[in-house]
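What follows is one structure encoded as structure tokens, with my remarks underneath.
What follows draws every value from the coordinates through simple rules; no lab data is involved. Just so it is clear, the model here is predicted, and its values are computed rather than measured. Every residue, glycine as well, gets a Cβ built from its backbone with ideal geometry; the counts of neighbours run over all protein chains shown.
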């Protein structure tokens, strides 16, 4: 490799690390702040770059928000896909881990959906993924039901496993993690053991 090639490769690696650092700083700040209140200066300070560097990488704050949402969405998909279908304890543990890590950030993002149109696509993808996840992990219980009852039960499970239920139990009612885990387990068992038509 020539010196020029080496220098070009090194510059690309530095740029890639900077790009990733900016995204990670944005996601970290979103864990504790409303997205529309986060400034480029805050992100730049956390990432150790300038605001101009952020603009060179992402074009605009909206472009950065979209890229950070994509990275976060990919990480969520990977973590949630680790849930073992048909294993209720594992399913609950997967949800608890997920919401404890990102629940507050997800809820704040959802609350700003109408204010930030660039997030709509990712939030809808999240809703679609949540339904697919429910259909996959609870398939053992859903398979024997007829089409109407299967859809009814699927919707109930989607609601029970939703971030809004986590927020209600963990934040509004201040349940401990163990209490939330047990409450969620009880709710899911009641749905999964319900006789069709009840």
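Observations
- Helix 88-111 vs. the chain, principal-axis angle (Cα, 0 to 90°, nearest 10): 50 degrees
- Cα-based helix-to-principal-axis angle, 3-30 vs the chain, degrees rounded to 10: 50 degrees
- Taken as Cα centroids, segment 53-89 and segment 134-198 sit 25 Å apart, rounded to the nearest whole angstrom.
- Proxy reagent accessibility, fewest Cβ within 10 Å first, across 164, 99: 164, 99
- Ranking of 57, 98 by neighbouring Cβ atoms within 10 Å, starting from the fewest: 57, 98.
- Footprinting exposure proxy for 87, 146 (fewest neighbouring C-beta atoms within 10 Å first): 146, 87
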